[in-house]
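The values are calculated or read from the model by the stated rules, or taken from the named source; none is laboratory data. In this text the structure is predicted, and so the values were computed from the model without any measurement. No Cβ is skipped: glycine too gets one built from the backbone with ideal geometry, and neighbour counts run over all protein chains shown.
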Amino acid sequence: MKKNSKKKDVPVIDDFAKGTAVKFEHVFFYYDESEKANGNYTVSDISFTINPGSYVTIIGHNGSGKSTLAKLLCGILEPCATSVKESGIYIFGEKMTYENYSRIQHQIGMVFQNPDNQFIGATVKDDIAFGLENDCVPASEMEKLIEEYSTKVGMHEFLDREPSALSGGQKQRVAIAGTLVRHPKILVLDEATSMLDPKGKREITRLIKMMREENPELTIISITHDIEEAYQSDEVIVLNHGKIVKIGSPKEVFADFETLKNIKLDIPFFQRLQDELQKYGIDITGVDDISSLVRLLCR
Amino acid sequence: MRNFAMGRYRPYNTPMHRLDARVKIIALVSLMVAVFLGYGSVPLNFIIYGLIFLGLVVAMIIGKVSFLGVLRAIKAMWFMMIFILLFNVLIPTKGGDYFLIGDFKVYYSSIYNTLYIVFRLFLMLMITSILTATTSPMDMTFGLEFLLTPLKWIKVPVSSFAMILALALRFIPTLTEDTERLMRAQASRGVDFKEGKLKEKIKSITSLIIPLFSSALMRSGDLAIAMECRGYDPKAKRTKFRRKNWRISDTLWLLFFLVIFGGSIALAVLGGKYDFFQMFLDLFK
């Protein structure tokens, strides 16, 4: 999106989207005209609402439009114009436009897939400081903030390290610190764990859990391939060919085996087990995690 | 490639490292000027080059800069040195003293000219490797941005250039890793980078360059998005995390290098008119 700083930029909250953190209303997007001519939109008529403080995962196979959705959400891409008046993306009730997108972007932090391609500074310290420099935070305050947030993500002892001396998981934790230090209200993780080893993945999952406990108001939107991660979230949005196939709590979504199988998505281990046991007359509904399940089965 | 010894930044805490990057860049410029000027007579030229050389050796010892790296770089230049020598010997000169190899006149002045060039290049290598080995990329970018401030007044986007430079330096190790990975991947597909004729080698390099470019472009696209998401706007004002405290020693060194800068120019201009070396010798007669 291009900026037009000459126009006045005052927040205008639409009643229509009041009280929501994110609202997509009939959003369409295509990368080139031929897609449009064939009616194959990358993102086609997407509408959903995310409440403040919730943890939502968006799942779908490759090419289902997940990452495009994330880019639309951050204002990097602009939705196509439609005939519907309300059509658009609303962040905390305010519709994202040419004029206000850079201000709205400030409320959204984004962590990307490739840990190397988002490490901007020469050292961990410089990288966390990058966002603060852009926000014109005085240097004396930066030092304090860097200390605070690097400790939060467990990277305090690595502050002077260069990116080449860090593991993928560590780089990703730095990226999260660099994003959180700007105090966003919405955190978007665009396949943030997909390039990490199992250890790195666990670190990030633990970090997300900790962030939620520490700041319950933070809305987390995670775009992921990891079905197990999706199972931990409050709400799951399933995408296929740029359209929403299913939306609801993980239990509701993953109970629908057939639909998920049709779009080549996996079912979480826990859900599969529950289903298999059900066939043998063992009911484990009400059990939420592996350890309590093991306890129940061993009884 | 990762073991590229010459000029690689080594994070020590020596007085050379603590010296402000701006002073070091000014020192680089003034020493370069001093090295590339001629001072009228052959002995005086070599005396001045010798003094600079001694100064640089001391700086290298203080800054813990590796001599080996510079020597290795010189070793890589032997072909160029022979080429320069041949060029200077074969090109007819104005005259002066000469000696004969067979029937061919070899003028002393052409040998001196070659020595000048080799010595100048050697000193240049020393100067730049001291700068890069003792100045972190971030400090260097900061220093350059500061020194190029006057260009901002004529609307040159100096901050953007500095950011580009910082990012380029930041991505050198990443791209090196990419190259190594690609080399292994292509080698496993049967591409031989080490042996074969020149034509074959060039062909095999193509199989490396194209994927490298494509991955670098993809990286830069991702990086641009990541930067925008963290609020970067090249036209907007930004604060600086890394502040440099200017110390008295920085001022003193700055003055010293400014004197060298002015002094060397003055000496070169006057050296064209008077033979200072002869005047010096005459003092003892």
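Just to be sure, is B:G221 free of Cβ contacts under 8 Å to residues at least 12 places away in the same chain, part of a loop (DSSP other than H, G, I, E, B) and over 29 Å from the mean Cα position of the chain (by Cα)?
Values: free of Cβ contacts under 8 Å to residues at least 12 places away in the same chain: yes; part of a loop (DSSP other than H, G, I, E, B): no; over 29 Å from the mean Cα position of the chain (by Cα): yes.
Spelling it out, it is not the case that B:G221 is free of Cβ contacts under 8 Å to residues at least 12 places away in the same chain, part of a loop (DSSP other than H, G, I, E, B) and over 29 Å from the mean Cα position of the chain (by Cα).
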Has the range A:178-189 got any residue that is over 23 Å from A:V22 (Cβ atoms), within 13 Å of chain B (Cβ to nearest Cβ) and either free of Cβ contacts under 8 Å to residues at least 12 places away in the same chain or among the hydroxyl-bearing types (S, T, Y) (or both)? no
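Of B:G40, B:G50, B:G95, which residue is touching a Phe, Trp or Tyr at 6+ places or on another chain (Cβ under 7 Å) and assigned by TED's automatic domain parsing to the domain that holds B:P15?
Values: B:G50 fails: touching a Phe, Trp or Tyr at 6+ places or on another chain (Cβ under 7 Å); B:G95 fails: touching a Phe, Trp or Tyr at 6+ places or on another chain (Cβ under 7 Å).
From the options B:G40, B:G50, B:G95, the qualifying one is B:G40.
Please verify whether the range B:240-256 includes one or more residues that are away from chain A (no Cβ under 14 Å) and in contact with a Ser or Thr (Cβ under 8 Å, 6 or more places away or on another chain).
no
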From the list A:G154, A:G168, which one is over 20 Å from A:C74 (Cβ atoms), in contact with a helix residue (DSSP H, G or I) (Cβ under 8 Å, 6 or more places away or on another chain) and surrounded by fewer than 17 Cβ atoms within 10 Å (Cβ to Cβ)? A:G154
Checking the structure you have, find out if any residue of the range B:103-114 is away from chain A (no Cβ under 14 Å), touching a residue at least 24 places away in the same chain (Cβ under 8 Å), under 17 Å from the mean Cα position of the chain (by Cα) and part of a helix (DSSP H, G or I). no
Within the range A:114-149, how many residues turn out to be under 20 Å from the mean Cα position of the chain (by Cα), closer than 23 Å to A:M195 by Cα and at the interface with chain B (Cβ under 8 Å from one of its Cβ atoms)? 5
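Among the residues of the range B:140-149, is there at least one that is assigned to a helix (DSSP H, G or I), acidic (D, E), outside the structural domain of B:R22 (by TED's automatic domain parsing) and surrounded by 16 or more Cβ atoms within 10 Å (Cβ to Cβ)? Break it down into steps so the answer makes sense when it comes.
From the range B:140-149, those assigned to a helix (DSSP H, G or I) are B:140-147, B:149; that's our starting set.
Still in the list and also acidic (D, E): B:145.
Then drop every residue that is not outside the structural domain of B:R22 (by TED's automatic domain parsing), which leaves B:145.
Filter once more, so that each one left must be surrounded by 16 or more Cβ atoms within 10 Å (Cβ to Cβ): B:145.
Yes, some residue in the range B:140-149 is assigned to a helix (DSSP H, G or I), acidic (D, E), outside the structural domain of B:R22 (by TED's automatic domain parsing) and surrounded by 16 or more Cβ atoms within 10 Å (Cβ to Cβ).
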Name, by its number, the condition in (1) surrounded by 13 or more Cβ atoms within 10 Å (Cβ to Cβ); (2) part of a helix (DSSP H, G or I); (3) under 18 Å from the mean Cα position of the chain (by Cα) that does not hold for B:L85. (3)
Pairs where the first residue, in the range B:181-203, is closer than 19 Å to B:S214 by Cα and the second is surrounded by 13 or more Cβ atoms within 10 Å (Cβ to Cβ) and modelled with pLDDT under 80, C-beta under 8 Å, 6+ apart: B:M183/B:F193; B:Q186/B:F193; B:A187/B:F193
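State yes or no: is A:Y90 modelled with pLDDT under 90, farther than 23 Å from A:M211 by Cβ and of a type in the set (F, W, Y)? First the steps, then the outcome.
Values: modelled with pLDDT under 90: no; farther than 23 Å from A:M211 by Cβ: yes; of a type in the set (F, W, Y): yes.
In short, no.
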Among the residues of the range B:219-235, count how many are touching a helix residue (DSSP H, G or I) at 6+ places or on another chain (Cβ under 8 Å) and surrounded by fewer than 13 Cβ atoms within 10 Å (Cβ to Cβ). 1
Output for the range A:150-162, where each listed residue is at the interface with another protein chain (Cβ under 8 Å from one of its Cβ atoms) and in contact with a Lys or Arg (Cβ under 6 Å, 6 or more places away or on another chain): none
The lone condition B:L212 fails out of (1) more than 30 Å from the chain's Cα centre (by Cα); (2) assigned to a helix (DSSP H, G or I); (3) within 20 Å of B:A168 (Cα to Cα) is (1)
Quick check on the range A:141-151. Is at least one of its residues surrounded by fewer than 24 Cβ atoms within 10 Å (Cβ to Cβ), part of a helix (DSSP H, G or I) and touching a residue at least 40 places away in the same chain (Cβ under 8 Å)? no
Considering only the range A:1-113, give the strands (runs of 3 or more DSSP E) lying wholly within it that have at least 3 residues that are surrounded by fewer than 19 Cβ atoms within 10 Å (Cβ to Cβ). A:43-50
B:L255 vs. criteria modelled with pLDDT of 90 or more, outside the structural domain of B:R170 (by TED's automatic domain parsing) and part of a helix (DSSP H, G or I): yes
Have a look at A:E203, A:E228, A:E258, A:E235 and point out the one that is out of contact with any Cys (no Cβ under 6 Å at 6 or more places or on another chain), in contact (Cβ under 8 Å) with a residue 24 or more places away in the chain and more than 25 Å from A:N114 (Cβ to Cβ). A:E235
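When you go through A:Y41, A:Y101 one by one, which is the residue that is within 14 Å of chain B (Cβ to nearest Cβ), of a type outside the set (D, E, K, R) and in contact with a Gly (Cβ under 9 Å, 6 or more places away or on another chain)?
Working: A:Y41 fails: within 14 Å of chain B (Cβ to nearest Cβ).
Among A:Y41, A:Y101, only A:Y101 is within 14 Å of chain B (Cβ to nearest Cβ), of a type outside the set (D, E, K, R) and in contact with a Gly (Cβ under 9 Å, 6 or more places away or on another chain).
Among the residues that make up the range B:271-281, is at least one of them within 26 Å of B:L19 (Cβ to Cβ) and either touching a residue at least 60 places away in the same chain (Cβ under 8 Å) or in contact with a strand residue (DSSP E or B) (Cβ under 6 Å, 6 or more places away or on another chain) (or both)?
The initial filter retains those residues of the range B:271-281 that are within 26 Å of B:L19 (Cβ to Cβ), namely none.
Checked the range B:271-281: no residue is within 26 Å of B:L19 (Cβ to Cβ) and either touching a residue at least 60 places away in the same chain (Cβ under 8 Å) or in contact with a strand residue (DSSP E or B) (Cβ under 6 Å, 6 or more places away or on another chain) (or both).
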Taking the range A:247-299 as the region of interest, how many residues are farther than 27 Å from A:H61 by Cβ and acidic (D, E)? 1
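A quick yes/no check of all residues on (1) of a type in the set (K, R); (2) modelled with pLDDT of 90 or more; (3) buried (at least 17 other Cβ atoms within 10 Å of the Cβ):
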residue: B:G96; (1), (2), (3): no, no, no
residue: B:F99; (1), (2), (3): no, no, no
residue: B:Y112; (1), (2), (3): no, no, no
residue: B:L115; (1), (2), (3): no, no, yes
residue: B:M126; (1), (2), (3): no, yes, yes
B:S207 passes all but one of the listed conditions (1) surrounded by 11 or more Cβ atoms within 10 Å (Cβ to Cβ); (2) assigned to a loop (DSSP other than H, G, I, E, B); (3) away from every other protein chain (no Cβ under 14 Å); (4) free of Cβ contacts under 8 Å to residues at least 24 places away in the same chain; the exception is number (2)
